[in-house]
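The structure appears right after this line, and notes come after that.
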Amino acid sequence: MPAVLGLAYVAWVHEVRSPARAADAPPVRLVVEPGMSSRAIGRQLARLGLVRHPSIFSALVSYRGVGARLRAGDYALDGPLSLEQIADLLVRGEAIRRDLTFPEGKNLDEMATIAAAHGIEASAFREAAGDVSLVRDLDPQAVDLEGYLFPDTYDLPRGPDAARALVERMVRRFREVIEPELPLLAERGLSLRELTTLASLVELETARGDERPRIAAVFHNRLRRGMRLQTDPTVIYALRQAGGYDGNIRKRDLDIDSPYNTYRYSGLPPGPIASPGREALKAVLDPAQVRDLYFVSRNDGSHEFSATLTEHERAVDRYQRRRRARRPDGS
């Protein structure tokens, strides 16, 4: 009997400490889903040629008492790894980081499309983004999470609840970014909803960081004077809501009857129209000290700012009307 036990021990040590693959074998991918059992992981390891007998992996993690500590993830297994080494990797969670990035200025539908391109169903993302309980303390008026999913790079969650896990991370990131700025809200006389709404307009009006405080100043100045904001991104948002945006704004579109249309309605739109980044939020809280009331694109990514309507009309004539006149079709 001792001889049999000795042979069994030698066989066990060989199985768990001797790599099953050659040193020059190519890397393989092991995907451990949330809640996957050690037996299921063992079967996958056997299919990949990383273990000779599937049940050995389950027996090993049970013997070591780490079965409940195996972490889900997407793993790249390279080189002559032993079963003990593989188990250690899964306990430490040394998985491949799969990132997805949401740029600043994207709305919920655009974010859902980005998520879908990374394997998360767009419908599941939209459903998760409708859970206003995640921001109820910040914005009691929220009807969805538009504006509160912070644009950043995130480690892609896996599993059936990936969409909700991602949305929750994005809201947590928004809270981390906005918390240091909250004391300034009272000084500016803004609610968090108003801040995020105004920042979303600033974000969509310019990609230039040096212009954001000045564009924020234009909006603040117009609001103080009771002037309509007359910003194109709100018209685009209204058209998208109505299913009528084709990539162009026509003169008749400025009359669309939507509370988001700042050409037709005074004040801020009902809520954010996209997710602003950190700099747009800061620009609204600390706008440039200027008297500007207008700006127009110079067609190179920058804007010409004006304090009076006369100056603005000259700028429009210089940068827009003459440009249209130079087009062959005159459009």
Exercise. Within region 64-73, can you find the residues that are surrounded by 15 or more Cβ atoms within 10 Å (Cβ to Cβ) and either of a type in the set (D, E, K, R) or touching a strand residue (DSSP E or B) at 6+ places or on another chain (Cβ under 9 Å) (or both)?
Worked result: 70, 72, 73
Exercise. Condition test on residue 55, is it surrounded by fewer than 14 Cβ atoms within 10 Å (Cβ to Cβ) and at pLDDT 85 or above?
Worked result: yes
For this session: State whether one or more residues within region 126-140 are in contact with a strand residue (DSSP E or B) (Cβ under 8 Å, 6 or more places away or on another chain), outside any loop (DSSP other than H, G, I, E, B) and of a type outside the set (S, T, N, Q).
Result: no
For this session: Could you tell me whether region 173-194 includes any residue that is closer than 26 Å to residue 292 by Cβ and of a type in the set (Ser, Thr, Tyr)?
Result: yes
For this session: Tell me the helices (runs of 4 or more DSSP H) entirely within region 202-292 that contain at least 1 residues that are free of Cβ contacts under 8 Å to residues at least 60 places away in the same chain, of a type outside the set (Asp, Glu) and surrounded by 15 or more Cβ atoms within 10 Å (Cβ to Cβ).
Result: 212-225, 232-241
Exercise. Based on what the data block shows, is residue 114 in a loop (DSSP other than H, G, I, E, B), at pLDDT 85 or above, in contact with a strand residue (DSSP E or B) (Cβ under 9 Å, 6 or more places away or on another chain) and closer than 30 Å to residue 277 by Cβ?
Worked result: no
Seminar exercise, completed: Of the residues in region 70-121, those that are touching a residue at least 24 places away in the same chain (Cβ under 8 Å) and of a type in the set (Lys, Arg) come to 71, 97, 98, 106
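The values are calculated or read from the model by the stated rules, or taken from the named source; none is laboratory data. Bear in mind the structure is a predicted one, so any value in this text is a computation, not a measurement. So basically every Cβ, Gly included, is an ideal-geometry build from the backbone, and we count neighbours across all protein chains shown.
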